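S.K.: Right, I'll just put the structure down here and ask away after.
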Amino acid sequence: MRDCESIRQSIGRWLDGELEAPESESVRAHLASCAECGKAQQQLESIQQMLKKTLLAEAQQIEFLPFWRGVQLRIAQRTPWHEQALDWVRATFTLSRAAWLVPASIALILAILSLESYVPGWREGRNSFASVESIDAYGRNVALLRENESKTTVIWLYEDQEGENETADEPAKSAPAF
Amino acid sequence: MRPLMNPRNQLRLFSLVLILAAGWVGAAEKNPQSVQVTIRTILAENKSDDFDPKLKGMEQQLKPLKYRSYHLLKAEDQNVPAKGTGSFEIPGGRSLTVAPQEFQNNRIALKVRLTERDKPVIDTTVKIPNKGNFILGGPPHEGGVLVLSISATAQ
């Protein structure tokens, strides 16, 4: 059995129909059996009725037409595209969804990085050439060739045609043979 | 409600899978223990039109060099430790040393040095795709030129 103090605190919500069924039933039963709390209920009801009457009398004096016109005007106004985009972003990227974005992005990056290791040659077009990082030919001439068809990198050593011990038919001592 | 229907648990499970995936990728990028280096020494000349059948598969790579004949003089394989150096004898009193430097993005960096009678001819560092090769050519030899095909495979 609930005490009178607790019941009186619930009367307002009971009158507004805000209580769950069991609690509402408990308040109703108590009010039926307790004269003091019944009095408190009647007081609250009379206050509510007075308030309702006063508000209705005030509301009759208010001009609602301009207010509704304003509301209709706001509805009819087209929202700018940037506000629409912002609304879409807010609705789409809620905090719970954004939390998924972080691991999903990491997973995507990992997948891209691991592809080259597990599927060698998937970046065939741009990564299959040998690349020369440094070269020192100790004064000799060097030519570099990258052949697209076979994806071949060639480092070719040669000497100037005016060099010593040169023979006309010696390809190695002339310009590169490609 | 089943435990996996809870979005928080789903996120936890996904994160766990992600951590395992990261480990998997890390393992894939681990440096190899050794690198198998293969040197094919080819004599290119213009005295005939012969193409050595042992060089089958290299036609496209040799085509830009514009010589008429190609003969395989020597082919040598060595398993070179990741931080070690492999030494190869090249005809004409030459020597080629190959030192694997690093393995990254399925590419191997090789430090290559060609010497002739102990004098350096060329020092170069080349990054090649794993199981790929590059060509180093030009030193004169017996009326033609030497062409070296240097390939590497991570082990």
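S.K.: Would you check which residues across region A:140-153 are assigned to a loop (DSSP other than H, G, I, E, B) and either touching a strand residue (DSSP E or B) at 6+ places or on another chain (Cβ under 7 Å) or open to solvent by less than 30 Å² (accessible area, probe 1.4 Å) (or both) and list them? Break it down into steps so the answer makes sense when it comes.
M.R.: Here is the first cut: in region A:140-153, the ones assigned to a loop (DSSP other than H, G, I, E, B) are A:140, A:148-151.
Matches in region A:140-153: A:Arg140, A:Ser150.
S.K.: Of everything in region B:83-114, what is more than 13 Å from the chain's Cα centre (by Cα) and of a type in the set (Lys, Arg)? Give them in sequence order.
M.R.: Residues satisfying the conditions are B:Lys83, B:Arg94, B:Arg113.
S.K.: Does A:Trp156 meet the test of being modelled with pLDDT of 85 or more and exposed (fewer than 10 other Cβ atoms within 10 Å of the Cβ)?
M.R.: Working: modelled with pLDDT of 85 or more: yes; exposed (fewer than 10 other Cβ atoms within 10 Å of the Cβ): no.
No: the conditions fail for A:Trp156.
S.K.: Here is a further query. Here's a check for you: in region A:64-101, which residue that is open to solvent by 100 Å² or more (accessible area, probe 1.4 Å) and outside any helix (DSSP H, G or I) is nearest to B:Val17 (Cα to Cα)?
M.R.: A:Arg78
S.K.: Can you pull out every residue in region B:53-63 that is more than 7 Å from every other protein chain (Cβ to nearest Cβ) and either assigned to a helix (DSSP H, G or I) or exposed (fewer than 15 other Cβ atoms within 10 Å of the Cβ) (or both)?
M.R.: Keep residues of region B:53-63 that are more than 7 Å from every other protein chain (Cβ to nearest Cβ), which gives B:53-59, B:62-63.
B:Pro53, B:Lys54, B:Leu55, B:Lys56, B:Gly57, B:Glu59, B:Leu62, B:Lys63 - these are the residues of region B:53-63 that are more than 7 Å from every other protein chain (Cβ to nearest Cβ) and either assigned to a helix (DSSP H, G or I) or exposed (fewer than 15 other Cβ atoms within 10 Å of the Cβ) (or both).
S.K.: Can I ask one more? Restricting to strands (runs of 3 or more DSSP E) lying wholly in region B:64-155: which have 3 or more residues that are open to solvent by less than 30 Å² (accessible area, probe 1.4 Å) and free of Cβ contacts under 8 Å to residues at least 60 places away in the same chain? Lay out the reasoning, then the answer.
M.R.: Numbers: elements: B:69-81, B:86-90, B:94-104, B:107-116, B:119-129, B:132-141, B:144-154.
Per the criteria, B:86-90, B:94-104, B:107-116, B:119-129, B:132-141.
S.K.: Can B:Arg40 be described as in contact (Cβ under 8 Å) with a residue 60 or more places away in the chain, of a type outside the set (Val, Ile, Thr) and more than 10 Å from chain A (Cβ to nearest Cβ)?
M.R.: Numbers: in contact (Cβ under 8 Å) with a residue 60 or more places away in the chain: yes; of a type outside the set (Val, Ile, Thr): yes; more than 10 Å from chain A (Cβ to nearest Cβ): yes.
When the stated conditions are applied, B:Arg40 passes them.
S.K.: Answer with yes or no whether B:Ile90 is in the same structural domain as B:Thr38 (by TED's automatic domain parsing), in contact with a helix residue (DSSP H, G or I) (Cβ under 7 Å, 6 or more places away or on another chain) and within 23 Å of A:Ile135 (Cβ to Cβ). Show your work before the answer.
M.R.: On the way: in the same structural domain as B:Thr38 (by TED's automatic domain parsing): yes; in contact with a helix residue (DSSP H, G or I) (Cβ under 7 Å, 6 or more places away or on another chain): no; within 23 Å of A:Ile135 (Cβ to Cβ): yes.
When the stated conditions are applied, B:Ile90 does not pass them.
S.K.: Within region B:122-155, count every residue that is more than 7 Å from every other protein chain (Cβ to nearest Cβ) and farther than 12 Å from B:Ala44 by Cβ. Let's see the steps before the verdict.
M.R.: Residues of region B:122-155 that are more than 7 Å from every other protein chain (Cβ to nearest Cβ), as a first pass: B:131, B:133, B:141-144, B:146-155.
Checking which are farther than 12 Å from B:Ala44 by Cβ leaves us with B:131, B:133, B:150-155.
Of the residues in region B:122-155, 8 are more than 7 Å from every other protein chain (Cβ to nearest Cβ) and farther than 12 Å from B:Ala44 by Cβ.
S.K.: Then there's this: Identify all residues within region A:30-59 that are without any contact (Cβ under 8 Å) to a residue 24 or more places away in the chain and within 52 Å of the chain's Cα centre (by Cα); write none if there are none.
M.R.: Filtering region A:30-59 down to residues without any contact (Cβ under 8 Å) to a residue 24 or more places away in the chain leaves A:32-33, A:35, A:38-39, A:42-43, A:46-47, A:49-59.
Correct list: A:Ile47, A:Gln49, A:Met50, A:Leu51, A:Lys52, A:Lys53, A:Thr54, A:Leu55, A:Leu56, A:Ala57, A:Glu58, A:Ala59.
The values are calculated or read from the model by the stated rules, or taken from the named source; none is laboratory data. The structure displayed is predicted, hence computed values, not measured ones. No Cβ is skipped: glycine too gets one built from the backbone with ideal geometry, and neighbour counts run over all protein chains shown. Only protein heavy atoms, including side chains, enter the accessible area calculation; ligands, DNA and RNA are left aside. Shrake-Rupley method; radii C 1.70, N 1.55, O 1.52, S 1.80 Å.
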